[in-house]
Structures are given as structure tokens and as C-alpha cells.
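Q: Quick one: this structure, given as C-alpha cells, is what I'll be asking you about.
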Amino acid sequence: MASVAAVDTKPDALGQTPDHTKRYFARFTGMGKRLMKLQQLMDELEKAIEDKDERSQILEGSIGEILYSTQEAAIVPPYVAFTTRHIPGIWEYIKVHAGDLSWEIITSTDYLKIKEMIFDENWAKDENALEIDFGAFDVSTPKLALSSSIGNGVGYVSKFMTSILGGNTESAQPLIDYLLSLEHNGEKLMINETLNSVAKLQEVLVMAQIFLSSLPKDSPYQNFEQRLKDWGFEKGWGDNAERVKETMRILSEILQAPDPINMEAFFSRLPVIYNIVIFSVHGYFGQADVLGLPDTGGQVVYILDQVRALEEELLLRIKQQGLNEKPKILVVTRLIPDAKGNTCNQEMEPIANTMHSHILRVPFNMEKGVLGPWVSRFDIYPYLERFSQDATARILELMEGKPDLIIGNYTDGNLVASLVASKLGVTQGTIAHALEKTKYEDSDVKWRDLDSKYQFSCQFTADMIAMNAADFIITSTYQEIAGSKNRPGQYESHVAFTMPGLYRVVSGINVFDPKFNIASPGADQSVYFPFTEKQKRFVGFQPAIEELLYSKEDNEEHIGFLADRKKPIIFSMARLDIVKNITGLTEWYGKNKRLRNLVNLVIVGGFFDPSKSKDREEMSEIQKMHRLIEKYELTGQIRWIAAQTDRNRNSELYRCIADTKGAFVQPALYEAFGLTVIEAMNCGLPTFATNQGGPAEIIVDRISGFHIDPNNGDESSNKIADFFERCQRDSRYWNRMSRTGLKRIYECYTWKIYANKVLNMGLVYGFWKQLNRVQKQAKQRYIDVFYNLQFRQLAKNLGIPGEESKPEAQEP
Ligand code: UDP
Ligand code: LCN
């Protein structure tokens, strides 16, 4: 809070250079009401104060301190209100009077009202405008205090539980009650009613540990089961004497004096989770022939890999608990009758390389029957309530009871997960993959302009519901929660925002809430492995890849050709969404002669014929690609390959690009995580990736790859060109960057680490929610009201085609 501290100690701080400062502020207010971002504020400073020294004086004073941490300024003459963010998660709002430079710190609510004046004055002045305040229900829930602790929720919840359960013997009674409640299929687990107090349990734990010490470590549980039962113990402690004794020791230590390490370790051993439901509603959820289709990308890859990792971890844990149960994982998605060649029209599909996991597809039922075609993720909201009900019925049938954990994915899956979890009383985790709000500038205040295309009013409402209903939130990176030094995180942008005419969120989510956890995904390393592992390479694909990259004729799968095949290839692969910025990369390449002389460009994405696409953005991006190829005369230097659906072949494609000593480029305007980045790095391909979002955290710039600025094409294309020039001068440089990329992956991004973390979350938060039952129930009531009065109405307004007409506009 540097600037406010500075301002606080100098009440006249803004008056240090009053003439220049006044001129600067006068310039803003002279421009009338508007919202300005930092870059614009700086540009205006240059225009208002031409003298460099005068400008420096301003920037060195308190105004400078405010400006450097400003995210945006709302100008409503005679006031200029700044939002400042000095460190991740900490926001302050300062209102300055442009005339006399008097200032005050204001609340987020007052700031939002000033901002609303720019977009909807009547709403801003309406004393009864709807305000949403989720924070009001969280007052008594402990929060983190340090930005650096954000994302380590399980660690801190274990600490909070420690202090709640510590103190005196009675304090640990909630843990005993919880253990007493554990059962599966009618069979009691861990302890029975004989051990219904801390004192009784402590006593027999000591006796049991002495007894177990006398047995060979590997004695199977069955050999001493009866003896333990006589004391009041049930199954679940372990599969052999050593494991049971270890679990008992951990619990004894917790009952004696709890500590967070033992607490998390104990919960990670509890037999609580067998059946998991994972919701991923939109897009084509299948195991083949779906990737690259509209709305169908990394989320599908992530979930299929996640399921395999979770099942493996569950099987291991169940075995270690000494139980014989079979886990069940259901990925519940939408059944699309018009699936066109893939399996998305089949109800059940076993998941490859698993024993107990399936995809369950539930159709969108409407009054007139089942909806046939694919629906864009932006238009999906009217179908979700009915889908939740139909899915719940099928899940209960197939699992023969409730699941133990529900995980949602993306806005729609998270909303459905919230509805189902609240109905069934099951622990719920959410995964955003991407929150759309941060992808489109000012998408909240400009919601009315964007709603016909994107339905953000529905989407942001659903997001607020899910993130508040969730017991825990899984994120892929820190930046997803709280951003970086200069850029707010995706969740952070939901702390306080406004959609004038709809509602004002004065407290949406708190990024210091211990529900946030980072568990980064990996890439399947049996598919994405280094190009150097020659004996493993999928050589069978190589002739097809040779054709794909170098044949001279255009066909359905590729257009354009590479005249000089000696050049390395820069490669990119993504859905053709605007944010993926594949057209941006094509333009950078087109403009940069040096880069064009050094390398060829290969793009994988979309189709070539816009009329084949049903996706609005994809159509316009396809047209743009054609225009750019023509404008920059790229023929002979670019190969554009249509969306690819075979991940094995794709992995070999990355490796073949590495054979050319090329690079992967991920130029997105914003990327939530970026699976292609870790796929490329796993294959040993040096990678350049956007500095906007997850890749900025995956890659350490110039160490394990390179950051590029999607908003500065010249700088980015020159950085790529510099790399290839250096590779020409120093033949070892390419190999070094390839190796350092791999090192980064092996240290931080694997599915084994992920599965362990996520199951621990399910276990720890399952108990945490019991401890906070009362607050949780109160908040749920508020969420229910918000859902009923806001979401349902918005979804209804959106309408189901053919069922009811869509009203003209959303009334405030
Ligand atoms: N992908 C693919 N074919 C394509 C485009 C993408 O197989 O034509 C895969 C890609 O390999 C990655 C996923 O789809 O596994 C995209 O994930 P990412 O996180 O990069 O982006 P998303 O599409 O989820 O926004
Ligand atoms: C969605 C995205 O946009 C990507 O950034 C992620 O990598 C993907 O989901 C998987 O989480």
C-alpha cells in the first residue's frame, strides 16, 4: 500500500507540483466522462505536460505512485477516481477532485458507482440498485493475510483446523463425530460407537499401537481385524500392520497436540472418496475426433488425463486403506444427437486406459424433445437446470447412491456441479479453465453491448454462483487467482465489479479465501515425450506427417506449401478463437522479413472454408487468415493445416517440428493455462508463449522458453528472429533451450502430483465444510436466492429456440 501510505503521511501530497498536476487532471476532466486504462493515462500525461522535467516531477511524487499501481481511472468531472493495486489481491480506490486536487480514499462500492456514471447515470444514482455481497456471509471464515500464501488453501485450512481442534480434549470431538459418520455401502469405517469420545479413542489407540508393534510389519489386516474390532476399530486404517500403526500414530499425535502436517496426512488416508462425478457440459466431449472442434480443446484433454490420474490414485489409496471397493468416476457431459462422426451421441462410453471410469452423456431435454445440434458455450444457459435434474437422476442410478465428490469444469459445468452438489449435500470443487470476464476488456460494464453475442450477464452470474458455492477451487496457476505484479488474476477480477442495469457486485469473491488451491495439470508423458527418445517415437505417423507438412498440393487437410524445406519451422496449434491470436502470429510473421528469411510458418487450426463452421468467431478468423496470406504474399512460406484430432499424431508432429530445430509459438491475447505450451515443452520443442496468463508462469523467460507480448507484435516477432539467428551462430543454443524447457516440466507439471493434491482437497474440505456448517448453510440460502431471482430470469430471457420468444431486452 505504498502510495496510500505516502499520501496518508502527506495530506497535501497531490499538491507537490500543483500547476503541472492541475494541468494534467484538467486534461482528463476536459475530455468528459470516460474510463481510462494505465497506458492511456500515461499517453495523456505526455500530451498534457510536454516538458520532460515537469513530467518527471509528477511521476516522482504521490501522483506517480498512484499511477504506477493504477489499473484504471473513472473520469466523471470534476472527479478522477483511481483503482490501484500495489500487490496481488490488494485493491484501493482513490477519488481526486481535479480542481483543487483534494483527495480521499473511497470504498469499492463508491468507486463502482462513479464508474457506473459513465455507462448508466440513472442506475448509478438509483439508491435501490441491486448490490450483491457474498462477503457478508464470510465474515467469520478465516482468511489468508499474505499475497504469497494465496493458492495454498489446503495447507492453511489444515492450520485453521489445527487451531479449532486443539486446545483441550473436547475441542477434538468434531473430528471423532466425523470419524463416527464414515461408512460405505452400509459398512462402518474407522471407528464405531464404542469409541465415541476423545478420551476413549486416545486410550485404545495407545493399546492398539503397542499390539501392532508386536506384529510383523507386513501382516495383512485380516490377521488382526478381529482384535482391533474388539477395541472399537473398523476397517479403513490400512492394509497391513505397519500402515495401520502409522495411521494410528498420526491420529494419536493430532489428539495429543494437533499440527497441520499430521492433519493433512491423516485426512489424506481417510476412506471417504470412492465415487467422483466430473461435469463438463459444453462442446464435444469424446475421446477421438473432437479436438479442435468449436468449444472443444484443452478442457477435454485435461479431464481425460485427470480421470486417469485420479483413478490410479484412488486405486492406490483404497488398497492402502485395506479395502476392496471399486472406485467409480463419471464424466457427465451433454449428449449431442447430431454428433457427426464422433461418439458424442452415445450415452455411455468407457474411458480408455481406466478400469472404472466412464463418460455419461445426458441430452438437453426440451418441451419438444431432445435438442439435436451442438450449442455454443455462450448460448447454453437455458438448458442447464433441466440438464442438472436429468443428470442427477442418472448418476444416482448408475452409482447406486450419491457420489462422494463433485467437480465442475468451466462456467456451465460449475453451475451444474453447484446445483447438484447442493441438492445432494456433496463436497464440491470447481475448475474454471478460463473465466471469460478477463478475456474481453470491460466486459462487465459493457455487458449490454456484448450480451447478444456472448450472454455475459448469464455467464458472470453463473460464475459468481459457482465460485461461492464451491467448497474448494482448483486452479492451474497462481496468476489464475491473483495475477501477477501488473495484471490482475481471473478470480481477482470478480472481487468487485458492476454490470450497470443488472447488479453491482460489491464483494464477489475473496482471493484470500482458503478455498483456492493451485494444482497444475501435466501432459500425458506416454504421448508427449522428447523428440530425442528415438526408440519410443511414433514412426508410423511420420510418412503422413511428411505429407502434412511438405506435399505441394492443397487438399481438404492443408493449404499453402513450404518452398524451402531446409528452414526450421515455427509452429502453432489452437482453436481458431480470436483470443488464440493465430491470425496475430500470421500477421507478425508476414510483416517481419528477417523472420520470414529464417523460418517457415506452420499453423494447425480450424477449417479453410468459413461456411463449414458454425462458430461465429471461428468464421471471422478463417476469413482473416485468408486475407493475411494474400496481403503478405505468404505462399511458399506458410502451411495452414486444418484442426487435428489425433493426439498421438499431434505429439509426433511436435517432435517432427523439433527435428527441424524449430519452435512452438503460442501467441494468445490471453491464455488461462495453455496445454499446448506444456505439450510442446514435453516434446523438447523450444517454446515462445504469451506473457498474458498461465504461460507466463509455466515458462521462466529466457531460461525455460520465452515470453512474448501479444500486444506488441514487432517486439515478439523480433524476439523469435533473434533466437533463430543466435541458433545459427551457436549450434548448442537450441539444444540448451530444449533441455531447460523439459527440466521445468519434470519439476512442476505432472499428473501424479495433481491427483494427490486434488484428492487431498476433497478430503480436507469435506471435513472443513462440516466444521463451518452454519455459515455454509446461510451462504447457500443467499446463493439460492441469487440463482432463483437472477440466473433463472436471465437464462429464461435467453430462451430456447422454438420454445418461447426471446424478450427484446433485459429490464433492470
Ligand atoms: N488441439 C488439437 N487439435 C487442434 C487444436 C488443439 O488436438 O487442432 C489440442 C491441443 O493439443 C491441446 C488442446 O487441444 O491438447 C488445447 O488446449 P489449450 O489448453 O492449449 O487451449 P484451449 O483450447 O483449452 O483453450
Ligand atoms: C481452457 C483454456 O483456455 C486453456 O488455457 C487451458 O489450458 C485448458 O482449458 C485446460 O485447463
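The values are calculated or read from the model by the stated rules, or taken from the named source; none is laboratory data. Everything quoted here is computed from the prediction, not taken from an experiment. Cβ: placed from backbone, ideal geometry, glycine included. Neighbour counts: every protein chain shown. The protein model used for the area step is the full one, side chains on, heavy atoms only, and it has no ligands, DNA or RNA in it. Shrake-Rupley method; radii C 1.70, N 1.55, O 1.52, S 1.80 Å.
Q: Take D513 and tell me if it is over 30 Å from A145 (Cβ atoms) and of a type in the set (D, E).
A: Working: over 30 Å from A145 (Cβ atoms): no; of a type in the set (D, E): yes.
When the stated conditions are applied, D513 does not pass them.
Q: Working only within the stretch 487-534, note down all residues that are among the small types (G, A, S) and not in a loop (DSSP other than H, G, I, E, B). Working first, answer last.
A: Restricting attention to the stretch 487-534, the residues satisfying the condition of being among the small types (G, A, S) are 489, 493, 496, 501, 507-508, 519-520, 522-523, 526.
If the condition is that a residue be among the small types (G, A, S) and not in a loop (DSSP other than H, G, I, E, B), then S493, S507 are the ones that fit.
Q: When the residues of the stretch 666-695 are narrowed to those that are away from ligand 2 (no atom under 12 Å from the Cβ) and either open to solvent by 10 Å² or more (accessible area, probe 1.4 Å) or more than 22 Å from D524 (Cβ to Cβ) (or both), which ends up modelled with the lowest pLDDT? Show your work before the answer.
A: Initially, the stretch 666-695 is screened for residues away from ligand 2 (no atom under 12 Å from the Cβ), giving 667, 680-688, 691.
Within this subset, residues satisfying the condition of being either open to solvent by 10 Å² or more (accessible area, probe 1.4 Å) or more than 22 Å from D524 (Cβ to Cβ) (or both) are 667, 688, 691.
Values: P667: 98, F688: 98, N691: 95.
So, considering only residues that are away from ligand 2 (no atom under 12 Å from the Cβ) and either open to solvent by 10 Å² or more (accessible area, probe 1.4 Å) or more than 22 Å from D524 (Cβ to Cβ) (or both), the one modelled with the lowest pLDDT is N691.
Q: Something else about it: If you take the residues in the stretch 190-247 that are basic (K, R) and outside any helix (DSSP H, G or I), which one is least open to solvent (accessible area, probe 1.4 Å)?
A: Keep residues of the stretch 190-247 that are basic (K, R), which gives 200, 217, 227, 229, 235, 243, 245.
Filter once more, so that each one left must be outside any helix (DSSP H, G or I): 217, 235.
Working: K217: 134, K235: 57 Å².
The selected residue is K235.
For every residue, the table says whether it meets (1) aromatic (F, W, Y); (2) farther than 30 Å from I191 by Cα; (3) in contact with a Phe, Trp or Tyr (Cβ under 6 Å, 6 or more places away or on another chain).
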position: L304; (1), (2), (3): no, yes, no
position: L316; (1), (2), (3): no, no, no
position: I329; (1), (2), (3): no, no, no
position: V332; (1), (2), (3): no, yes, yes
position: K340; (1), (2), (3): no, yes, no
position: H356; (1), (2), (3): no, no, no
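Q: Let me ask something additional. Tell me which residues, restricted to the stretch 112-148, are closer than 17 Å to I509 by Cα and without any contact (Cβ under 8 Å) to a residue 40 or more places away in the chain.
A: If the condition is that a residue be closer than 17 Å to I509 by Cα and without any contact (Cβ under 8 Å) to a residue 40 or more places away in the chain, then V139, L146 are the ones that fit.
Q: Which numbered condition in (1) surrounded by 23 or more Cβ atoms within 10 Å (Cβ to Cβ); (2) away from ligand 1 (no atom under 16 Å from the Cβ) is the only one that G283 fails?
A: (2)
Q: Looking at the stretch 17-29 only, could you name the residues that are part of a helix (DSSP H, G or I) and touching a residue at least 24 places away in the same chain (Cβ under 8 Å)?
A: Scanning the stretch 17-29 gives P18, H20, T21, K22, R23, Y24, F25, A26, F28, T29.
Q: Given A339, A352, which one is small (G, A, S), open to solvent by 20 Å² or more (accessible area, probe 1.4 Å) and over 23 Å from the mean Cα position of the chain (by Cα)?
A: Working: A339 fails: open to solvent by 20 Å² or more (accessible area, probe 1.4 Å).
Exactly one residue qualifies, and that residue is A352.
Q: Let me ask something else about it. What strands (runs of 3 or more DSSP E), lying completely within the stretch 624-712, carry at least 2 residues that are within 15 Å of ligand 1 (Cβ to nearest atom)?
A: Once the strands (runs of 3 or more DSSP E) in the stretch 624-712 are filtered for at least 2 residues that are within 15 Å of ligand 1 (Cβ to nearest atom), what remains is 638-641, 663-666, 687-690.
Q: If you don't mind, there's one more thing I want to ask. Can you tell me which residues in the stretch 111-129 are in contact with a Pro (Cβ under 8 Å, 6 or more places away or on another chain) and closer than 12 Å to V76 by Cβ?
A: Answer for the stretch 111-129, where residues must be in contact with a Pro (Cβ under 8 Å, 6 or more places away or on another chain) and closer than 12 Å to V76 by Cβ: E116, F119, A124.
Q: Just wondering, is there one or more residues in the stretch 491-500 that are within 16 Å of ligand 2 (Cβ to nearest atom), modelled with pLDDT of 95 or more and not basic (K, R)? Let's see the steps before the verdict.
A: Taking the stretch 491-500 as the starting set, the residues that turn out to be within 16 Å of ligand 2 (Cβ to nearest atom) are 491, 493.
Within this subset, residues satisfying the condition of being modelled with pLDDT of 95 or more are 491, 493.
If we keep only those that are not basic (K, R) as well, we get 491, 493.
The answer is yes, given that some residue of the stretch 491-500 is within 16 Å of ligand 2 (Cβ to nearest atom), modelled with pLDDT of 95 or more and not basic (K, R).
Q: Please tell me if D513 is of a type outside the set (F, W, Y), more than 16 Å from ligand 1 (Cβ to nearest atom), open to solvent by 10 Å² or more (accessible area, probe 1.4 Å) and closer than 21 Å to D412 by Cβ.
A: Details: of a type outside the set (F, W, Y): yes; more than 16 Å from ligand 1 (Cβ to nearest atom): yes; open to solvent by 10 Å² or more (accessible area, probe 1.4 Å): yes; closer than 21 Å to D412 by Cβ: no.
No.
Q: Condition test on G741, is it under 24 Å from the mean Cα position of the chain (by Cα), over 30 Å from F266 (Cβ atoms) and at pLDDT 95 or above? So that I can check it myself, show each step before the final result.
A: On the way: under 24 Å from the mean Cα position of the chain (by Cα): yes; over 30 Å from F266 (Cβ atoms): yes; at pLDDT 95 or above: yes.
Yes, satisfied.
Q: Among the residues of the stretch 395-402, is there at least one that is within 23 Å of R781 (Cα to Cα) and either surrounded by fewer than 19 Cβ atoms within 10 Å (Cβ to Cβ) or more than 16 Å from ligand 1 (Cβ to nearest atom) (or both)?
A: Kept after step one, since they are within 23 Å of R781 (Cα to Cα), are these residues of the stretch 395-402: 402.
From what is left, the residues that are either surrounded by fewer than 19 Cβ atoms within 10 Å (Cβ to Cβ) or more than 16 Å from ligand 1 (Cβ to nearest atom) (or both) are 402.
Checking the stretch 395-402: at least one residue is within 23 Å of R781 (Cα to Cα) and either surrounded by fewer than 19 Cβ atoms within 10 Å (Cβ to Cβ) or more than 16 Å from ligand 1 (Cβ to nearest atom) (or both).
Q: What are the residues in the stretch 423-466 that are touching a His at 6+ places or on another chain (Cβ under 8 Å) and within 16 Å of ligand 2 (Cβ to nearest atom), if any?
A: Selection gives L435, K437, D463.
Q: Would you say K437 is open to solvent by 10 Å² or more (accessible area, probe 1.4 Å), assigned to a helix (DSSP H, G or I), of a type outside the set (G, A, S) and under 30 Å from E72 (Cα atoms)?
A: Values: open to solvent by 10 Å² or more (accessible area, probe 1.4 Å): yes; assigned to a helix (DSSP H, G or I): yes; of a type outside the set (G, A, S): yes; under 30 Å from E72 (Cα atoms): yes.
In short, yes.
Q: Continuing with this model, one more query. Quick check on the stretch 518-545: of everything there that is among the aliphatic types (A, V, I, L, M) and open to solvent by 20 Å² or more (accessible area, probe 1.4 Å), which residue is nearest to ligand 2 (Cβ to nearest atom)?
A: I518
Q: Considering only residues that are in a loop (DSSP other than H, G, I, E, B) and either in contact with a Gly (Cβ under 9 Å, 6 or more places away or on another chain) or modelled with pLDDT of 95 or more (or both), which ones fall in the stretch 147-168? Working first, answer last.
A: Initially, the stretch 147-168 is screened for residues in a loop (DSSP other than H, G, I, E, B), giving 150-151, 166-168.
I150, G151, listed by residue number.
Q: Pairs only if they're at least six apart or on different chains, beta carbon under 8 angstrom, first in the stretch 472-492 and under 9 Å from G693 (Cβ atoms) and within 16 Å of ligand 1 (Cβ to nearest atom), second in a loop (DSSP other than H, G, I, E, B) and open to solvent by 30 Å² or more (accessible area, probe 1.4 Å); list them, first residue then second.
A: Final answer for the pair search is Q479/R487.
Q: Further, regarding this structure: Between residues in the stretch 770-792 that are within 22 Å of F267 (Cα to Cα) and residues that are surrounded by 14 or more Cβ atoms within 10 Å (Cβ to Cβ), which pairs lie under 8 Å by C-beta distance while being six or more apart or on different chains?
A: Correct list of pairs: Q770/P174; Q770/Y178; L771/M161; L771/I164; L771/P174; N772/T141; K776/K769.
Q: If you go through the stretch 710-723 one residue at a time, do you hit one that is buried (at least 22 other Cβ atoms within 10 Å of the Cβ) and within 16 Å of ligand 2 (Cβ to nearest atom)?
A: yes
Q: List the pairs whose first member sits in the stretch 430-453 and is polar (S, T, N, Q) and within 16 Å of ligand 1 (Cβ to nearest atom), whose second member is open to solvent by less than 30 Å² (accessible area, probe 1.4 Å) and not in a loop (DSSP other than H, G, I, E, B), and whose Cβ atoms are under 8 Å apart, counting only residues at least 6 apart or on separate chains?
A: As it stands, the answer is T438/S493, since those pairs meet every condition given.
Q: Is at least one residue of the stretch 290-305 aliphatic (A, V, I, L, M), away from ligand 1 (no atom under 16 Å from the Cβ) and open to solvent by 10 Å² or more (accessible area, probe 1.4 Å)?
A: Step one: of the stretch 290-305, the residues aliphatic (A, V, I, L, M) are 290-291, 293, 300-301, 303-304.
Okay, now just the ones that are also away from ligand 1 (no atom under 16 Å from the Cβ), so none.
No.
Q: From the set of residues in the stretch 635-665 that are open to solvent by 10 Å² or more (accessible area, probe 1.4 Å) and of a type in the set (A, V, I, L, M, F, W, C), which is nearest to ligand 2 (Cβ to nearest atom)?
A: Filtering first and then ranking leaves A643.
Q: Could you figure out which of (1) open to solvent by less than 40 Å² (accessible area, probe 1.4 Å); (2) part of a helix (DSSP H, G or I) isn't true of V277?
A: Single failed check for V277: (2).
Q: Now, a different point. Out of all the residues in the stretch 769-806, which are of a type in the set (F, W, Y) and open to solvent by 30 Å² or more (accessible area, probe 1.4 Å)? Explain how you work it out, then say what you get.
A: Looking only at the stretch 769-806, we keep the residues that are of a type in the set (F, W, Y), and these are 782, 786-787, 791.
Within the stretch 769-806, just Y782 meets the criteria.
Q: Then there is this: Residue by residue through the stretch 100-119, note down the ones that are open to solvent by less than 40 Å² (accessible area, probe 1.4 Å) and either of a type in the set (V, I, T) or part of a loop (DSSP other than H, G, I, E, B) (or both).
A: Selection gives L101, I106, T109, I114, I118.
Q: In the stretch 400-422, how many residues are in contact (Cβ under 8 Å) with a residue 60 or more places away in the chain, among the hydroxyl-bearing types (S, T, Y) and within 16 Å of ligand 2 (Cβ to nearest atom)?
A: Summing the residues that are in contact (Cβ under 8 Å) with a residue 60 or more places away in the chain, among the hydroxyl-bearing types (S, T, Y) and within 16 Å of ligand 2 (Cβ to nearest atom) in the stretch 400-422 gives 1.
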